[in-house]
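The values are calculated or read from the model by the stated rules, or taken from the named source; none is laboratory data. Not measured: the values here are computed from a predicted model. So basically every Cβ, Gly included, is an ideal-geometry build from the backbone, and we count neighbours across all protein chains shown. Each accessible area value is taken on the protein alone, full model and side chains, heavy atoms only, with ligands, DNA and RNA left out. Shrake-Rupley method; radii C 1.70, N 1.55, O 1.52, S 1.80 Å.
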Amino acid sequence: MLTETTFDAGSLSTNYVEGPPSGLPLVLLHGLTGRWQSFNPIIPLLGWRWHLYGPDFRGHGRSGRAAGDYRLVDYGADTARFVRGVVREPAVLLGWSLGALVAVEVAAQARDAVRAIVLIDPPLGVAPLRTHPKYADFVTLRDLAGSGRPLAEVAAALAQLWGGSAAGTRGAAAGLLRVDPDTVARFLDDTQLDGFDLDDRLGRVVCPVLLVQADPAAGGFLTNEHADAAVAALADCSLMRLPGVGHGVHSQQPVPFTQLVNGFLDSL
């Protein structure tokens with residue numbers, strides 16, 4: 001169903017999967033410490049209707065490392081080059097967490113490359129991260145990232161951090177072991193946001209937007225206040241709140257989430 005290959009743009013290589021050619025292009029943008037496999041729960045559900053592309057961000061998965069250049073503007077520039085160089089037509093960007101912020105960056109800075117964006121629980125307004133309740137969790141992720149520790153040990157640590165079983169976190173653990181820890185360090189000290197002005201970017205997005213908000217009480221990052229502010233700032237935004245669903249919306253509720261996305265895309 002999917003073919004994995006590499007796109008080289010200058011000195012940085014982007015690993016990605018593609019397929020099947022079922023319809024219009026849909027680019028999946030993963031979260032911090034993830035990789036394209038983060039979308040495995042929904043790939044079979046979306047692949048029969050859309051031509052999927054799943055790049056690994058720089059410093060993640062099998063993509064190239066970038067010596068600490070892990071800002072949103074860097075991820076956004078990579079993604080715009082990817083859409084223009086690989087997809088070669090305007091695409092829908094579906095981003096989760098970090099990937100949602102990258103989708104906003106691309107939609108604001110490379111309008112010609114973007115048809116619409118789907119934002120899954122973006123961490124709007126979390127800076128300064130040091131004051132956020134989950135700061136210590138990301139310190140743990142930084143220490144585990146690329147550590148070379150045994151997979152079982154990392155999976156057990158993630159299970160303790162997130163709840164659930166070690167077996168259920170093996171995929172995330174495998175991805176975390178392929179992450180440059182500098183990507184998380186940039187997030188921890190908020191330098192990931194250097195050069196990125198959220199209010200400016202939201203005001204420059206003109207394409208249709210579906211904003212999916214997880215439940216803050218269930219572990220979601222996006223608060224009601226920041227969700228409402230984003231809706232007010234965006235030119236064409238539909239907000240969907242999901243009570244009782246945590247940050248990993250697409251993995252916790254893959255079928256309802258996919259139905260939600262398909263309904264939005266059918267309206268374009």
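Could you check the range 8-54 and list, in sequence order, the residues that are under 12 Å from residue 87 (Cβ atoms) and more than 19 Å from the chain's Cα centre (by Cα)?
21, 24
Out of 79, 6, I need the residue that is crowded, with 20+ Cβ neighbours inside 10 Å and either at negative phi or at pLDDT 95 or above (or both). Which one?
Working: 6 fails: crowded, with 20+ Cβ neighbours inside 10 Å.
Answer to the selection: 79.
So, in the range 187-237, how many residues would count as being assigned to a helix (DSSP H, G or I) and open to solvent by 30 Å² or more (accessible area, probe 1.4 Å)? Even if it seems obvious, please write down each step before you answer.
Our first condition is that a residue be assigned to a helix (DSSP H, G or I); within the range 187-237, this holds for 187-188, 191-193, 198-204, 216-218, 224-233.
Checking the rest, the ones that are also open to solvent by 30 Å² or more (accessible area, probe 1.4 Å) come to 191, 193, 198-200, 203-204, 216-218, 224-226, 228-229, 231-233.
Of the residues in that region, 18 qualify.
In the range 238-247, what residues are at negative phi and either of a type in the set (D, E, K, R) or open to solvent by 10 Å² or more (accessible area, probe 1.4 Å) (or both)?
Here is the first cut: in the range 238-247, the residues at negative phi are 238-243, 245-247.
Correct list: 238, 239, 240, 241, 242, 243, 245, 247.
Looking only at helices (runs of 4 or more DSSP H) that fall completely inside the range 1-111, which ones have 3 or more residues that are in contact (Cβ under 8 Å) with a residue 24 or more places away in the chain and closer than 24 Å to residue 253 by Cα? Talk me through it step by step, then tell me what you get.
Values: elements: 43-47, 72-82, 98-109.
Counting at least 3 such residues, we get 43-47, 98-109.
Which of the residues spanning the range 100-153 are out of contact with any helix residue (DSSP H, G or I) (no Cβ under 7 Å at 6 or more places or on another chain), within 23 Å of residue 172 (Cβ to Cβ), surrounded by fewer than 18 Cβ atoms within 10 Å (Cβ to Cβ) and not small (Gly, Ala, Ser)?
132, 133, 134, 143, 149, 150, 153
Give the range 209-226 a look and list any residue that's in contact (Cβ under 8 Å) with a residue 60 or more places away in the chain and out of contact with any Phe, Trp or Tyr (no Cβ under 8 Å at 6 or more places or on another chain), or say none.
So in the range 209-226, the residues in contact (Cβ under 8 Å) with a residue 60 or more places away in the chain come out as 209-214, 220-223, 225-226.
Hits for the range 209-226 are 209, 211, 213, 220, 221, 222, 223, 225, 226.
When the range 154-186 is examined, which residues are found to be assigned to a loop (DSSP other than H, G, I, E, B) and open to solvent by less than 50 Å² (accessible area, probe 1.4 Å)? Before the answer, list the steps.
Our first condition is that a residue be assigned to a loop (DSSP other than H, G, I, E, B); within the range 154-186, this holds for 163-166, 177-180.
Passing the criteria: 163, 166, 177, 179, 180.
Just to be sure I understand, how many residues within the range 249-268 are within 22 Å of residue 37 (Cβ to Cβ), in contact (Cβ under 8 Å) with a residue 60 or more places away in the chain and out of contact with any His (no Cβ under 9 Å at 6 or more places or on another chain)?
Counting residues in the range 249-268 that are within 22 Å of residue 37 (Cβ to Cβ), in contact (Cβ under 8 Å) with a residue 60 or more places away in the chain and out of contact with any His (no Cβ under 9 Å at 6 or more places or on another chain) gives 6.
Restricting to the range 20-40, count the residues that are more than 26 Å from residue 181 (Cβ to Cβ), surrounded by fewer than 24 Cβ atoms within 10 Å (Cβ to Cβ) and in contact with a helix residue (DSSP H, G or I) (Cβ under 7 Å, 6 or more places away or on another chain).
Residues in the range 20-40 being more than 26 Å from residue 181 (Cβ to Cβ), surrounded by fewer than 24 Cβ atoms within 10 Å (Cβ to Cβ) and in contact with a helix residue (DSSP H, G or I) (Cβ under 7 Å, 6 or more places away or on another chain): 3 in total.
Looking at this structure, is residue 67 at positive phi, among the aliphatic types (A, V, I, L, M) and over 16 Å from the mean Cα position of the chain (by Cα)? Before the answer, list the steps.
Numbers: at positive phi: yes; among the aliphatic types (A, V, I, L, M): yes; over 16 Å from the mean Cα position of the chain (by Cα): yes.
Yes; evaluated as a whole, the condition is true for this residue.
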